[in-house]
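Bear in mind that the values in this text are calculations on the coordinates, not laboratory data. Treat the numbers as computed from the prediction; the structure is a model and nothing was measured. Positions of Cβ are backbone-derived with ideal geometry, glycine not excepted, and every protein chain shown enters the neighbour counts.
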Amino acid sequence: MLIIGTFEHSIELEQALAVLEHNGIPRKQILLIPMETAPAASFRYAENPLDIYYKSFEFGVACATLASVFGASVGFILTWGPILWGLIASFSGFAAGFGIYFLINKRLHSPKKKKLPEVAVIVQCSESESAFVEETMWNYRVLTVGQTISPS
C-alpha cells in the first residue's frame, strides 16, 4: 500500500519520520517531496505593504480639497478672510482624512502569518502496517492523509 500524507515543514514531520523508521519502515520505502509555494509574484500595486500609506495620502488630499473649499467659502464672512480659513481647513481636512482612513484600514492590512511550506510524505508499506503508519501521521499533526494500493 501507499500511504500519502502532507505535513507543514516542522519538527513534527521529523518526529513522525523518526518513529516510522524506528518501528520497522525502511528509509528506502519513505519518499519525501517538498511542495513549492506560490511562484515569485510579479509586482502588484495592490499587494504592496506600503499601499495603506499611499491610499491614506490620497484620501487625505481629497478631504483637504473638500475642506479647503468649505473653509474658503465660510472665510468670506469670518475675520481672517477666505485664504487663511481655506488653508486652515485644508490642513485639518488632510489630517482628519489621512488619520481616519489609516486607522480604519490598519487592521485590514495587518501582516498575515506566513504559512510554512508543505512536504508530501509517501510511505510504501504492507496492509498490516498501514494502520500504524496512518496513526503515526495523525499523531504528529499531518494535514491530510490518503492511501492507495501500490501498483507493484
#### Entry: Extension gain from residue 138 to residue 126, taking 0.36 nm per residue of separation minus the Cα-Cα distance
2.5 nm
#### Entry: Where labels lie 7 Å past Cα in the beta-carbon direction, separation of residue 11 and residue 78 in nm
6.3
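If Lys and Arg each add +1 and Asp and Glu each add -1, what is the summed charge of the other residues whose beta carbon sits under 12 Å from the beta carbon of residue 13?
So the environment of residue 13 carries a net charge of -3.
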### Query
For the residue pair residue 148 and residue 28, what label-to-label distance in nm results when each label sits 7 Å from Cα along the Cα-to-beta-carbon direction?
2.3
### Task
Please express the Cα-Cα pair-distance distribution P(r) of segment 50-106 as a list of whole percents, one per 5 Å bin, running from 0 to the bin with the greatest distance.
5, 25, 23, 17, 12, 9, 6, 2, 0
